[in-house]
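The values are calculated or read from the model by the stated rules, or taken from the named source; none is laboratory data. The shown structure was predicted, so the numbers you read here are calculated from the model rather than taken from an experiment. Heavy atoms of the whole protein, side chains included, go into the accessibility calculation; ligands, DNA and RNA do not. Shrake-Rupley method; radii C 1.70, N 1.55, O 1.52, S 1.80 Å.
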Amino acid sequence: PLPAAFRLDQNYPNPFNPATTIDFYLPVAARVRLEIFDLLGRNVASLVDGERPAGHSRVTWDAHAAASGVYFYRLSWPEGTLTRNLILVR
């Protein structure tokens, strides 16, 4: 069954090194963006930027080039945004 609402799960594992998985769910097909930001709000990575079908999506972030610390990941679609944090430990 399709989800009733947009949902962004906590990444796994968290804390992580060097890669983590992010799951999100769309009740309808939509153009979405999934981006990673550092604590200063700078875009560190764009993982998804485009149309996605309704249902479950899974994306992996390989952070081998990023420094240890707290980051935020944001899922955006035309009607809203969801944000969570993640921790990279070296």
Gyration tensor (Cα) of the chain, equivalent ellipsoid semi-axes in angstrom: 23, 13, 10
Residue among Leu39, Leu75, Leu26 with the largest mean-square fluctuation in a Gaussian network model of the chain, springs linking Cα atoms under 10 Å: Leu39
Percent accessible area from carbon and sulfur atoms, region 6-51, protein chains only, probe 1.4 Å: 53 percent
